1. Restricting to the stretch B:1-32, what's the tally of residues that are closer than 19 Å to B:VAL183 by Cβ and not in a loop (DSSP other than H, G, I, E, B)?
2. Considering each residue of the stretch A:205-223, count those that are surrounded by 19 or more Cβ atoms within 10 Å (Cβ to Cβ) and either under 28 Å from B:PRO166 (Cα atoms) or facing chain B (nearest Cβ under 7 Å) (or both), and give that number.
3. Of all residues in the stretch B:115-139, which are touching a residue at least 60 places away in the same chain (Cβ under 8 Å) and out of contact with any Ser or Thr (no Cβ under 9 Å at 6 or more places or on another chain)?
4. State yes or no: is A:LEU44 within 14 Å of chain B (Cβ to nearest Cβ) and at pLDDT 90 or above?
5. Kindly indicate which of A:ALA294, A:ALA339, A:ALA276, A:ALA344 is open to solvent by 40 Å² or more (accessible area, probe 1.4 Å), among the small types (Gly, Ala, Ser) and within 30 Å of A:LYS31 (Cα to Cα).
6. Within the stretch A:101-123, can you find the residues that are surrounded by fewer than 20 Cβ atoms within 10 Å (Cβ to Cβ) and without any contact (Cβ under 8 Å) to a residue 24 or more places away in the chain?
7. Step by step: first the residues of the stretch A:226-238, then only those that are assigned to a strand (DSSP E or B) and among the hydrophobic types (A, V, I, L, M, F, W, C), then the one that is nearest to ligand 2 (Cβ to nearest atom). Which residue is that?
8. Within the stretch A:4-34, track down each residue that is β-branched (Val, Ile, Thr), open to solvent by 10 Å² or more (accessible area, probe 1.4 Å) and more than 14 Å from chain B (Cβ to nearest Cβ).
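The values are calculated or read from the model by the stated rules, or taken from the named source; none is laboratory data. Model, not experiment: these values are computed from the prediction. Note: ideal-geometry Cβ built from the backbone for every residue, glycine included; neighbour counts use all protein chains shown. Note: areas computed on protein heavy atoms with side chains; ligands, DNA, RNA excluded. Shrake-Rupley method; radii C 1.70, N 1.55, O 1.52, S 1.80 Å.
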Amino acid sequence: MTTLVVCCGLGGVGKTTTAAALGVAYARAGKRVVVMTIDPARRLADALGTEAIGNLPVRVTLPDVSGTLDALMLDRDATWAEVIRRHAPSAELADRLIANPWSRAVSSRLSGAHELMATEKLHALATDGRWDVVVVDTPPSFHALDFLHAPDRVRRLLDRRLLGALFEPASKGLVGIATRGLASLVRRVAGEAVMDDLSEFFGMVSALSTGLRERGAAVATLLHSRECHYILVASAAAPREEEVSEFLAALREDGRSFSGSVLTRATAPLRVPVNAMLAELPTRPKGVDAAGWAHALSALVEAAATHERRAARDAATATRMARMSGAPVWPVPEVDTEAGAITALGLIAASLPTL
Amino acid sequence: MSRLHRKLLVVTGKGGVGRSTLCAALGLAAARAGKRAICVELSGQHAVAKTLGLPHATYEPQRVAPGLDHRTFTAADCLADFAQRKLHLPAVSNWLITSKPMATFLDAVPGLHDLLQLGKLENMIAEPLPGEPTWDLTILDAHATGHGLTLLAAARAMRETARVGPFYELAGIIERFLSDPEVTGFVVVTLPEALPVHEALELSNALAVDHAAPAAVLVNRCAREWPDDAAADALRDALAARPEPAAQALAALADEESTRSGHQRDAREVLRLGLEKVTPLRVHTVELPDLTDPTKLDPIVDILVKTLMVGGV
Ligand SMILES: Nc1ncnc2c1ncn2[C@@H]1O[C@H](COP(=O)(O)OP(=O)(O)OP(=O)(O)O)[C@@H](O)[C@H]1O
Ligand SMILES: [Mg+2]
């Protein structure tokens, strides 16, 4: 059975990097792993080699690992086209749908569609059979919850029956005054031509709805299975604990298995307490400028105090999050990326678990 | 402000760089410089509201500080406004607009959320109805999710999708409004680190191609610099020469600080050189401190007043 690891969290917290580093950790543990990244920063994409080919896994060369690491960058337009081809009843309809302007707008501009594409791709990777482990990054969002709920919401929205009454108010006898009023209002707001285009689009896309629904059920089974592990990625600088607890509650309610939180850019405690350090401040050597020396000393003292304050803050955050979630918290220190992205991933991987 | 003579500042930047925090700070700075300003968020977001200490963000503008208001848009509110304004539909139809099927329609039509909210933004700034409140400066928190890199590309795409009718016209109005550099300025927020700077340059380039170079780049969370001089080197040497664990720990800390500071300097240099390539004009680059307490924005507001508001984006 393929192990799935889903990295959730808000934008800008280091989700993509964490997902890639988890991939390295699994490859080190001898697994065949694939990582799906979403909008990786250029340097990471370069390092992983995903820049050139969207949506197709490419092999990442890692030093000294017994497993293998593949990486791909989610291409939502291409994934939407794949979804259309998979579920459309005929190739001709698929072609028309792919060329339709409203359909083209789905993958980039329908709220929640990015999440839908991510789950479609995740399903494809998890059922492919080539990998022991599939690690996925999730789209940037306001809420970590979006990934859990958006795909189903969008699958439902792409069913014309939902909006049928808006498009053909007169044909059905049971349509009430309210619906008729609504339909005429919508026609006036959007204009006749746009409503005709939309009617055609929703008519076509409804042909996918059975397929989408069945796939949705299969994805749900996968995402609720015991092999699917959820990890929350939070930034030590702004852990947003309210959202963390909301996310945990939603996972629990859904019966999904939460594995723990990664706290990125966490400050490790100083090896020696600040007071002991400050007792060791050296005296100014002869020939060194007094003002410059005083300035350097004050910078050092301030750095020590800042470091200690951050370390205390991050330790307290980790403790609170562990208590709140009843699951482990893995603090990951900030790593120097100058040595190269792959080296940096290796360093981060050392702080991460394999589930 | 001559630099902030524009009516709208669109604040953009990758996730987590401090966009919402700096929107709030820009609003406070504008108000302090004597402008009537308003911070606007989209899709019911309330990060700026929270930073400004507002417990509930609403569609109706709320006063948050002397001279500064705040509001958050939702697609449904903006649709009601659109229906009334463009189609002269009576407010009675409001119950239809807020109905469940209408909400479904709004959610199901790709790009409609953005279209209606940006349309309202344009109305509010460029075509206020008699009796409606007006502001000298609007500051938009343009969240990175959803629309494309530059908002402008989103407006163009909406026009191409709609082809004809009210949505098409609205998209055209938005596009013209956003692409007028006299009216709309973009502010890019970044951090003094290699990757964020790289992304900020990509964004600035895309803006320069689509619209105009950014009005300003804000480098958020700059840490105190480790002095790069002989005395600081002497301090590190003195620490390294001592065997006590405490001295060694201090030496390690000094090394770390010096490396971090070096990266920060490098990042700023990359940004400076990169922006020179983006545009021959000078882009105002403002460095803002990493705050110990990010709820106390005063140090940042002071800098923004001095650099951007006095004399002007
Ligand atoms: N100059 C600063 N000094 C200290 N902390 C800051 C500073 N700027 C922002 N922060 C903190 O960083 C975190 C992220 O800031 P903010 O929410 O403004 O970012 P954002 O770019 O709007 O994020 P998102 O992409 O999630 O909308 C917040 O906790 C904020 O308090
Ligand atoms: Mg924000």
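1. Step one: filter the stretch B:1-32 for residues closer than 19 Å to B:VAL183 by Cβ, giving B:1-12, B:23, B:26-27, B:30.
Then drop every residue that is not not in a loop (DSSP other than H, G, I, E, B), which leaves B:8-12, B:23, B:26-27, B:30.
Counting residues in the stretch B:1-32 that are closer than 19 Å to B:VAL183 by Cβ and not in a loop (DSSP other than H, G, I, E, B) gives 9.
2. Summing the residues that are surrounded by 19 or more Cβ atoms within 10 Å (Cβ to Cβ) and either under 28 Å from B:PRO166 (Cα atoms) or facing chain B (nearest Cβ under 7 Å) (or both) in the stretch A:205-223 gives 1.
3. Within the stretch B:115-139, B:LEU118, B:ALA126, B:PRO133, B:THR134, B:TRP135, B:ASP136, B:LEU137, B:THR138, B:ILE139 meet the criteria.
4. On the way: within 14 Å of chain B (Cβ to nearest Cβ): yes; at pLDDT 90 or above: no.
Judged against the criteria, A:LEU44 is not a match.
5. Values: A:ALA294 fails: within 30 Å of A:LYS31 (Cα to Cα); A:ALA276 fails: within 30 Å of A:LYS31 (Cα to Cα); A:ALA344 fails: open to solvent by 40 Å² or more (accessible area, probe 1.4 Å).
On inspection, the qualifying residue turns out to be A:ALA339.
6. Correct list: empty.
7. Among them, the one singled out is A:ALA238.
8. If the condition is that a residue be β-branched (Val, Ile, Thr), open to solvent by 10 Å² or more (accessible area, probe 1.4 Å) and more than 14 Å from chain B (Cβ to nearest Cβ), then no residue fits.
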